[in-house]
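Below: one structure, written as structure tokens.
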Amino acid sequence: MDNPIAIVGMSCRFAGCPNLAAFWDVIRNRKIMLTPPGPEAELPIGQKGVFGRPYPFRIGQLGDLYACVPSMQNFPRQVNAGENQDLYFATQLVFDALCDAAMKPHPNESVRGSVRIGYAPPFNASTMNWLQHTVFLDQTLETIRRFFPNAPEEALDRVKAKLVDSLPFPNAASFLMGTGYRFASWIARECRFSGTATTMDAGILTGAATLLAAVDDLNSGRVDVAVAGALTPPLCRAYLEGLAGEVPFSQRSELHPFAAEQEGTHPGEGGAFFVLKRRADALRDRDRIYALVRTVAIGHNPEDDPSAILSEATERAGVPVRTIGLIEADGSGIGAAEKRELDAIQRLWGEHKPGSPLVGIGSVKGNIGHTLRSAMAAGIAKAALALWAKVLPPQIAAEHPADQISNLTSSVYLLDAERPWITGDSANPRRAAVLGSNFDAVDSKGEPVMAGRAAAVILEEEPEEKT
């Protein structure tokens, strides 16, 4: 780690978590923020979707936390109801992260910085608005013509005018804001960042992908500051319909990662962002350093080696696996995926022997749900806070943990209570691994498939100053 990268600022908003402090409180006190789907989701609970599978029974919903005040973000006008509200949400998270890093969101001078945002435009107000004004409007009028073939064109014109009046007024700005590229471009302009600004989508691995891109930006010397993160906006029925075709949703009121009996996951909403600097620059600027990024590995876990990506990450970082004290796992609640994840960890740690180190495992999904594209960003934020606080954070308790971690030969244990993070080896500081895996690791029935895309992030604490 010749030139480590430091996390010097963070921000987040998840279900019941308006900021980083609230997020950490939810984790440390094992609060469950999953709630029944609100009216905005428009889910017919108790029924099944187009794939004949049930809707999620609980969602980690943002609710009012999704709302932002565009005037505070330098937007020059009122928000159009047909615009993409996700842009304002992402902008606020970036501004919050910069403020946490003691940086001005609107600096007077240009900054050698880059912006890497994880986002995929879902069905949002902006895209729907333009469809309503074009394709949907034409289809509605055509349907009316079929039912009333003798209706005069003048009457149809009046119906069309009424329909148009009922829709939010569109404009070119709202159309462009509905596309993902505008996010990074707008934020980079507002923050006066002169470097690369991109919007990325790597599925569940998006948080790791944006972090990797930001680390590369800094290591290349092109920039001195990098912002990275990912968001998952409020989930609508149309999005959940499609997701239900590939992902099993749980019908239980809680999500217990690594419990013996699992039937599916609970989706969640929200986002997390990070401000990164080279460690030498962070020390020079006297920044608070939450954690150091040792490495980020992204690739395939083949069927015969579910540990491939985690092994690659530890080897690339030069970190012995047994020096890792915390695994913030994928822990989706999908039984087959969790079994595969535990197999990967057990393969690297091996059978426990008296006196050998153990590794604690947990997943923030039990608190806020599976936040999809921002899931790994949530895990990275949790692990960085744990390193900063020097505690092993507790996990939502499982009444019956999976056999793979409940037997005496396992080197892995479920963090069912908060523990002080004690390390007696100065040569190996506190380290955490954050794991993620795309849904292509399981099929629509939750069974393992040939191989899956996965990611592993290795974080390390900033060494304490010796006095």
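The values are calculated or read from the model by the stated rules, or taken from the named source; none is laboratory data. Every value quoted in this text rests on a predicted model; they were computed, and no experiment measured them. Counting neighbours? That spans all protein chains shown, and the Cβs are built from the backbone with ideal geometry, glycine included. With ligands, DNA and RNA removed, areas are computed over all heavy atoms of the protein, side chains included. Shrake-Rupley method; radii C 1.70, N 1.55, O 1.52, S 1.80 Å.
Peptides 262-270, 223-231 ranked from most to least packed, by the mean per-residue count of other Cβ atoms within 10 Å: 223-231, 262-270.
How much net charge surrounds Ser166 when only the other residues with a Cβ under 14 Å from the Cβ of Ser166 are counted, with Lys and Arg +1 and Asp and Glu -1? Combined, the nearby Lys, Arg, Asp and Glu give +2.
In this structure, the amide hydrogen of Gly118, modeled 1.01 Å from its nitrogen in the peptide plane, lies closer than 5 angstrom to those of Met200, Gly229, Ala230, Leu231, counting only residues at least 5 positions away or on a different chain. A Förster distance of 56 Å, applied to the separation of the beta-carbon atoms of Asp403 and Glu154, puts the FRET efficiency at 0.15. From most to least packed by mean Cβ count within 10 Å, the peptides 374-385, 7-18, 211-222 give 374-385, 7-18, 211-222. Per residue of the chain, the DSSP helices (runs of n ≥ 4 H) give a summed -39500 (n - 2.57) that works out to -10000 deg cm²/dmol at 222 nm. Using +1 at the C-beta of Lys and Arg and -1 at the C-beta of Asp and Glu, which of Ala280, Phe51, His352 has the Cα lying farthest in the positive direction of the dipole of the chain? Positive-end residue among those listed: Ala280. Note on segment 179-272: along the principal axes its Cα atoms extend 48, 29, 19 Å, ordered by decreasing extent.
Please list, or write none, the lysines whose alpha carbon is within less than 17 Å of the alpha carbon of Lys48, excluding same-chain residues fewer than 8 places away. Those lysines meeting the cut-off are Lys445. Calculate, for Asn428 and Thr134, the FRET efficiency according to 1/(1 + (r/R0)^6) with r their C-beta to C-beta distance and R0 60 Å; round to the nearest 0.05. Here the calculated transfer efficiency is 0.50. Within the accessible surface of the chain, defined with a 1.4 Å probe on protein heavy atoms only, the carbon and sulfur portion equals 53 percent. Remark: spin-label model distance Glu464-Ser356 equals 2.9 nm, labels positioned 7 Å along the Cα→Cβ axis. Computed about the Cα centre, the dipole magnitude for the chain is approximately 780 debye when only Lys and Arg (+1) and Asp and Glu (-1) carry charge, each at its Cβ.
Kindly state, to the nearest 0.05, the FRET efficiency for His106 paired with Ala21, given R0 = 22 Å and r defined as their beta-carbon distance. Given R0 = 22 Å and the Cβ-Cβ separation, E is 0.40.
A cut-off under 10 angstrom between Cβ atoms defines the neighbours of Leu435, and their net charge, with Lys, Arg +1 and Asp, Glu -1, is -3.
So what's the gap between the Cα centers of segment 88-110 and segment 254-288, to the nearest angstrom? Spelled out, the Cα-based centre of one part sits 19 Å from the other. Applying a threshold of 26 Å to the alpha-carbon distances of Lys277/Lys339; Lys31/Lys104; Lys104/Lys382; Lys31/Lys390 flags Lys277/Lys339; Lys31/Lys104 as lying beyond it.
For segment 282-335, the solvent-accessible area works out to 38 Å² per residue, with a probe of 1.4 Å and every protein chain left in place.
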